[in-house]
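Here's the structure we're looking at; comments come further down.
The values are calculated or read from the model by the stated rules, or taken from the named source; none is laboratory data. For clarity, every value in this text was computed on a predicted model and none was experimentally measured. As a convention, Cβ positions derive from the backbone with ideal geometry for all residues, glycine included, and neighbour counts pool all protein chains shown.
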Amino acid sequence: MKANSTTIFSIIVLTAVLCAVPVLGQDIMNMKMKAGLEVLADRYIAVCEAKSTLLNSKSENIRRSATRACVKAAYCRHHRKELVEEMIKQNIEPKPYKVQRFLSEKFLDAVPENNLAAR
């Protein structure tokens with residue numbers, strides 16, 4: 001009888017462990033995905049900030065582009081946490097072109113192009 005209860009207990013423990021492994025693996029994948037998205041969002045912000053150094057250009061088009069990049073960098077930096085969470089919810093892969101497109105679209109939704117043209 002004792003061997004039987006030990007076997008049943010072992011099966012229960014093994015089942016609990018095996019059911020927990022996929023959950024732990026999913027958490028690790030989510031953490032890696034979040035970290036990758038954060039890095040790519042930070043790179044996007046850095047590129048936008050680098051473009052903002054052209055604010056003193058002689059070209060009006062370049063100044064306008066630099067202003068847009070400056071506003072975009074400020075928007076993305078201010079809403080970074082929410083944007084990363086939204087990317088996770090939408091299953092955006094941590095690939096540069098996907099993150100850039102997502103951030104650009106979110107920025108244009110928040111600040112329409114015609115509002116930037118007036119600046």
* Asked: Can Tyr97 be described as crowded, with 18+ Cβ neighbours inside 10 Å, at pLDDT 95 or above and not charged (D, E, K, R)?
  -> no
* **Residue, farthest from Cys48 (Cα to Cα), within segment 83-111, restricted to residues that are touching a residue at least 24 places away in the same chain (Cβ under 8 Å) and either of a type in the set (Phe, Trp, Tyr) or touching a Lys or Arg at 6+ places or on another chain (Cβ under 7 Å) (or both)** => Ile88
* Structure fact -> Pairs returned, first residue in segment 59-74 that is under 14 Å from Tyr44 (Cβ atoms), second residue that is hydroxyl-bearing (Ser, Thr, Tyr) and crowded, with 17+ Cβ neighbours inside 10 Å, beta-carbon separation under 6 angstrom, 6 or more apart or interchain, are Ala69/Ser52; Cys70/Ser52
* Asked: Do the conditions hold for Ser52, that is, is it surrounded by 10 or more Cβ atoms within 10 Å (Cβ to Cβ), modelled with pLDDT of 90 or more and among the polar types (S, T, N, Q)?
  -> no
